[in-house]
Amino acid sequence: MPFFASEASADDDPRFQSHQSILSLARDFIEDYSKSINGESIDIKVGRLDPRLHLHRCDHELEAYLPAGGRTMGNLTVGVRCTGSKPWSLYVPVTIKVFGDVVVTAKALPRNTALDQSLLKVARRNLAKLPQGYFVDPGKLIGMKLKRNMSAGQPLTPATVKAQTVIKRGQQVMLISGSQGVSVRMQGKALSKGALGDLIRVRNLSSKHIVEGTVTADGEVLVGTYHQ
């Protein structure tokens, strides 16, 4: 079992497992693991062990592992254990930075700005600092609106943008249905507002039936299920 003492460093006593061997194993393990998941663009910093910590020298090869549910970037821990005649285990603190290209604002932008290509650019950022997600393709953001004020160079995340409302409640829309290359178009009235991809209810002005459909463009709804 691990124990603490006020003696000299464990690295100076052959009876104890050297801290350097533990830290090196933790680093090698997490570097290989992280590269297999996150690629080569990583930076790893391994924390220190308390110099008072003395662990019996392991008579088996040390094992390194990730705790169940452990993270793969940011601040995390790597487990190191001895399964020899005098077993012990501990956790080594590690910080992993993973760098990748993400979409950021080209300049400071106010809330409700409708995004276009000129307002966006791609820049390298630490992905560990973007736990809410990020975008890599500026094209996916064209036409969306900002939910909040953004500073220049700030990464866009799903929490900072929203799809523009392209259909308003009460608006007259075109209902489109069909299959195998044959489509039918009908006039309808939107019963709720909707953005691209939203499922909304529309009244068919010819049959008076209520239709559920997906907003596919400004003023167009791809028809789904009919209701009496």
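The values are calculated or read from the model by the stated rules, or taken from the named source; none is laboratory data. Note that this is a predicted model, so its numbers are computed, not measured. Here the Cβ positions follow ideal geometry from the backbone for every residue, glycine too, while neighbour counts run over all protein chains shown. Remember, those area values only see protein heavy atoms, side chains included, never the ligands or the DNA or RNA. Shrake-Rupley method; radii C 1.70, N 1.55, O 1.52, S 1.80 Å.
Could I have the simple spin-label model distance between ALA152 and SER192, label points 7 Å from Cα toward Cβ, reported in nm to one decimal?
Rounded to a tenth, the inter-label distance reads 4.2 nm.
Nothing charged except the Cβ atoms of Lys and Arg (+1) and of Asp and Glu (-1): what's the magnitude of the dipole of the chain about its Cα centre? Round to the nearest 20 debye.
Dipole about the Cα centre, nearest 20: 1720 debye.
Between GLN172 and LEU222, how many nm apart are label points set 7 Å from Cα along the C-beta direction?
So the two model labels end up 2.5 nm from each other.
Here is the link list: LYS35/LYS107; LYS145/LYS208; LYS145/LYS189; LYS35/LYS145. Which ones come out longer than 28 Å on Cα distance?
Pairs exceeding the cut-off: LYS35/LYS107; LYS145/LYS208; LYS35/LYS145.
Can you give the accessible area per residue of the chain, in Å², using a 1.4 Å probe?
That works out to 58 Å² per residue.
How far, in nm, would the chain grow between LYS45 and SER118 when pulled straight, counting 0.36 nm per residue and subtracting the alpha carbon separation?
22.6 nm
Would you list which aspartates and glutamates come within 13 Å of LYS193, measuring only between C-alpha atoms, while excluding same-chain residues fewer than 8 positions from it?
The reachable aspartates and glutamates, counting only those whose Cα sits under 13 Å from LYS193, are GLU212, ASP218, GLU220.
Over all directions, how big on average is the projection of the convex hull of the alpha-carbon atoms in the chain, in square nanometres?
20.2 nm²
Considering only DSSP beta bridges whose two residues both sit in segment 106-228, what percent are antiparallel, to the nearest 5?
Around 90 percent of the beta bridges assigned by DSSP in segment 106-228 are antiparallel ones.
Which angle from 0 to 90°, rounded to the nearest 10, does the C-alpha axis of helix 19-38 make with the longest principal axis of the chain?
20 degrees
Once each part is reduced to its C-alpha centroid, what is the distance from segment 83-119 to segment 145-173 in angstrom?
Cα centroid to Cα centroid, the span is 23 Å.
Would you mind estimating how fast segment 93-228 diffuses translationally, via Stokes-Einstein at 4 °C and 1.567 mPa s with the Kirkwood radius over Cα pairs, in µm²/s?
76 µm²/s
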